[in-house]
1. In the chain, what % of DSSP beta bridges are antiparallel (nearest 5)?
2. Looking at the calculated P(r) for the range 33-136, what percent of the C-alpha pair distances fall above 24 Å?
3. Quick one: if you stick a label point 7 Å off each Cα along the C-beta vector at R94 and D43, how many nm between them?
4. Can you give the net charge of the other residues whose Cβ lies under 10 Å from the Cβ of V92, counting K and R as +1 and D and E as -1?
5. So, with +1 on the Cβ of K and R and -1 on the Cβ of D and E, and no other charges, what is the size of the charge dipole of the chain about its Cα centre, to the nearest 20 debye?
6. With each pseudo-label sitting 7 Å past Cα toward Cβ, what's the A17-D143 distance in nm, one decimal?
7. Semi-axes of the equivalent ellipsoid for the range 105-209, please: Cα gyration tensor eigenvalues, times 5, square-rooted, ordered largest first, whole Å.
8. Would you be so kind as to identify which of T75, P211, A173 lies farthest towards the positive end of the dipole of the chain, taking Lys and Arg as +1 and Asp and Glu as -1 on Cβ and the Cα centre as origin?
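Rule-based calculations on the coordinates, nothing more; no lab input. Because the structure is a prediction, the values reported are computed rather than measured. Counting neighbours? That spans all protein chains shown, and the Cβs are built from the backbone with ideal geometry, glycine included.
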Amino acid sequence: MPGPRIALIHALEESVAPARAAFRAHWPEARIFDLLDTSLAVDLAEAGRLDEAMMGRFRTLADYAAGTVGAGGRTAGILFTCSAFAPAIDAVKRHLSIPVLRPNESAFEAAMAVGDRIGIVVSFGPSALSLRTELLAMAAAADRRIEVTVAVADGALAALKSGDGEGHDERVARTAEQLRGCDVVILGQFSMARAQPRLQPLLSVPVLTTPAAAVEALRRLTLPVGGVL
């Protein structure tokens, strides 16, 4: 039986494939569709901060996604895959009545269940502060004290954009070695999930990816109690 209609909203085209792969692996029945605005990532990198205009663009994208009707009926949930825009996504959550997920929140919850020393590797530099702030806020809301270390894999995203997947994975792996003192390591961008098989043998702690955790969480939020899809 076909599943519900789910919108995926991206700011990096490199996030599309790993998001779709996670749905194929963890929720193949979902009827997913994609909205992509690559100018969001470019504008954030140039501006250095999330401004009101960008916040408004997120709401416009979310309103369009939530209002569509097609295969699977009306849109039942939205997954954002762009990790540097948590405040804009939280504003969308307050605005819409359907489930809306930030790309990292489910992986963050899983990481806090593992330990208190959490490492994050990112390939999109502007997301580093946003993700650290987001994780610390989640910990504070849960009355937890944690240590968060963020490491930027310089050049990894550029390598991936140029078609050098191996170069991307190598840069991510070298960067992750800086986090050996952590209890758990998170790959902070959807596009980094491909590097997980290379990292896990190098580290003695769990290496979490964001797409799989997000898809599983959205499935739980979207399906009725007792649903089996």
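1. 5 percent
2. The calculated P(r) of the range 33-136 puts 28 percent of pairs beyond 24 Å.
3. About 2.0 nm separates the two model spin labels.
4. +2
5. Using Cβ point charges on Lys, Arg, Asp and Glu, the chain gives about 560 debye.
6. So the label points at A17 and D143 sit 4.6 nm apart.
7. Its equivalent ellipsoid spans semi-axes of 23, 14, 10 Å.
8. The residue sitting most towards the positive pole is T75.
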